[in-house]
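> Before I ask anything, here is the structure I am working with.
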Amino acid sequence: MGKYSEHHSRSPVAVIGGGIIGLATAWQLAKRGADVSLFERHTTGRGASWVAAGMLAPLSEVGFEDEDFLRIGRESLSLYPRFLDELKKDSDSEVVLDTRGTLMIGLDRDDAERLRRLHVFREQLGLPVKWLSGTEAREIEPLISPRTSSAIWIPDDHQVNNQALVDALKIAFEKCGGTLYENRPVSAIQTDNGRATGVLNDDGDVKATSVIVAAGCWSRKLNGIPKELLPPVRPVKGQIITLRSDGTYELSHVVRAPDAYLLPKGDGRVLLGASEEEMGFDTTITAGPIYKLLERGWEAVPSIYDLEVEKIEAGLRPGSRDHDPIVGETSIEGLYYATGHYRHGILLAPITAYEMSGLILDGRSSELFAPFKPGRFVPPGKQSAVS
Ligand code: FAD
Ligand code: GLY
């Protein structure tokens, strides 16, 4: 990896992709005085970041032996209040953090055994989680199934309205002086003598001293640099159902059941998600995964049976080869990646945005991101194969 490129605050920065990661990063850079252009091929914030459920759930989502993710996830969650405060000042719109907590529930003996392992792992790490009987779980969330046999109570896993968030980020970015180009797909990264010099789109080339690829699961589709240097991300399809509650009864917490989760969004929507499918760039809504979600969701919270189905959507998560994010400078000077956030991009937006702005404007990188550098995927001997 080359040393961090020297950056003067008014040197132009080009951001490719206006999802939550590109928007949050571009906003933080513009806020600190950088000359930032953001290129979005359609409308900002309408990719995976729109379809997402909005859970901020490092304690529920940490996998066994995945403590690097846990560290950035918890840190990012702790940054959320500051991030939303800054956003309110810069956008004049309030995005509320829903801190009512999360219940992971089990419905039979098999689930209980699985939950027990998850609980033991979290307890060994000293995480604030509590084992509950089915009765105790129903006291916290009366709408869960009477079959609930056991649960883990995770008060510190929160949620946010991700759609309001991306809309506010767009406003904040422009108010802070950033230049937004919507309906402007970037086709290539431009380089000269081993350094990034700008991007190419339909209007021609745009010069930039720093180029940030934040194009979600499409990040690998860019031309201009050798394929082996592009970030290894693929689309991981997620289908999700929006139910509409008539307000007579509503869930109060995020409920995570085996193979389905339910989120009351505080505005009458109840999200029921999500499938995880390897289907390439296909976003067709299909019967099988939707049938399974409805069945698993209904088993967990039977009263959803009567709710209106408002819509069903599919989004494409940017999954990297090891399912961890890819964040930092590449071996091409001035070229940065902020992608591969997979199932956690809403959670990881604040920490990614602060990391990227610190990296580009101050040459400062946090130790927390050491495991997530782009160079981990590049084959030996190919670190700077660009002219
Ligand atoms: P995207 O939001 O996909 O944005 C990428 C943008 O780049 C798009 O707007 C696209 O149009 C643009 N683009 C692509 N190519 C180009 C180009 N060549 N030029 C210009 N623009 C380009 N995460 C959580 O933390 N919590 C959750 O609860 C959660 N739930 C989810 C539920 C579902 C069903 C799904 C699908 C995902 C969920 N995620 C969740 C994951 C989260 O949505 C993603 O990790 C996150 O949105 C990734 O953000 P992004 O900005 O990288 O990608
Ligand atoms: N993090 C939830 C999802 O990706 O479905």
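The values are calculated or read from the model by the stated rules, or taken from the named source; none is laboratory data. None of these values were measured; they are calculated from a predicted model. So basically every Cβ, Gly included, is an ideal-geometry build from the backbone, and we count neighbours across all protein chains shown. In case anyone asks, the SASA skips ligands and DNA or RNA and just uses the protein heavy atoms, side chains included. Shrake-Rupley method; radii C 1.70, N 1.55, O 1.52, S 1.80 Å.
> Of the options ALA48, ALA287, VAL129, report the single residue whose Cα projects farthest towards the positive end of the charge dipole of the chain (beta-carbon charges: Lys, Arg +1; Asp, Glu -1).
It is ALA48.
> Tell me, what does the Kirkwood hydrodynamic radius of the stretch 205-244 come to in angstroms if you use every pair of distinct C-alpha atoms? Walk me through the numbers before you get to the answer.
Numbers: mean 1/r = 0.0775 Å⁻¹.
One decimal place: 12.9 Å for the Kirkwood radius.
> Between LYS227 and ALA287, what FRET efficiency follows from the Cβ-Cβ distance if R0 is 41 Å, with the result rounded to 0.05? Display every interim value, and only then the final one.
Working: r = 36 Å, r/R0 = 0.88.
My answer for the efficiency is 0.70.
> Quick one: work out Rg over Rh on the C-alpha atoms of the chain, Rh as Kirkwood radius.
That ratio is 0.99, to two decimals.
> Quick one: which of LYS130/LYS265; LYS88/LYS265; LYS31/LYS88; LYS207/LYS382 span more than 18 angstrom between C-alpha atoms? List each step's numbers first, then the result.
Details: LYS130/LYS265 24 Å; LYS88/LYS265 20 Å; LYS31/LYS88 13 Å; LYS207/LYS382 25 Å.
The pairs that break the limit, which is 18 Å between Cα atoms, are LYS130/LYS265; LYS88/LYS265; LYS207/LYS382.
> Of all the C-alpha pairs in the stretch 284-324, what % are more than 12 Å from each other?
Working: 576 of 820 pairs.
Here the tail beyond 12 Å accounts for 70 percent of pairs.
> Using a 10 angstrom cutoff on alpha carbons, build the Gaussian network for the chain and name the most mobile of GLY178, GLY375, GLY224.
Of GLY178, GLY375, GLY224, the most mobile in the Gaussian network model is GLY224.
> Can you tell me what share of the DSSP beta bridges in the chain is antiparallel? A percent to the nearest 5 is fine.
Working: 52 of 72 bridges.
Around 70 percent antiparallel, to the nearest 5.
> Hey, in the GNM for the chain with a 10 angstrom Cα cutoff, which one of LEU56, LEU347, LEU368 fluctuates hardest?
Comparing LEU56, LEU347, LEU368 in a Gaussian network model of the chain, the most mobile one is LEU368.
> Once label points are set 7 Å from the Cα along Cα→Cβ at both ASP322 and GLU182, what is their separation, rounded to one decimal in nm?
3.8 nm
> Among all stretches of the chain without exposed trypsin sites (Lys or Arg not before Pro) (DSSP loop, at most 10 other Cβ atoms within 10 Å), which one is longest?
Maximal segment without exposed cleavage sites: 11-387.
> Additional query: Carbon and sulfur atoms: what percent of the 1.4 Å accessible area of the chain do they account for?
Carbon and sulfur together cover 49 percent of it.
> Amide H of ASP35 versus every other amide H placed in the peptide plane: which residues, excluding those fewer than 5 positions away on the same chain, fall under 5 Å?
Result for ASP35 returns SER11, VAL13.
> Let me ask something else. Treating the stretch 283-387 as a set of equal point scatterers at the Cα positions, no solvent, please give the Debye-formula log₁₀ I(q)/I(0) at q = 0.13 Å⁻¹.
-0.67
> Okay, moving on. Among all the aspartates and glutamates, which ones have a C-alpha under 16 Å from LYS292's C-alpha, if same-chain residues fewer than 8 places away are not counted?
Counting by Cα, and skipping residues close in sequence, LYS292 has these aspartates and glutamates nearby: ASP259, GLU276, GLU277, GLU313.
> How would GLU278, GLU295 line up by accessible area, probe 1.4 Å, largest first?
GLU278, GLU295
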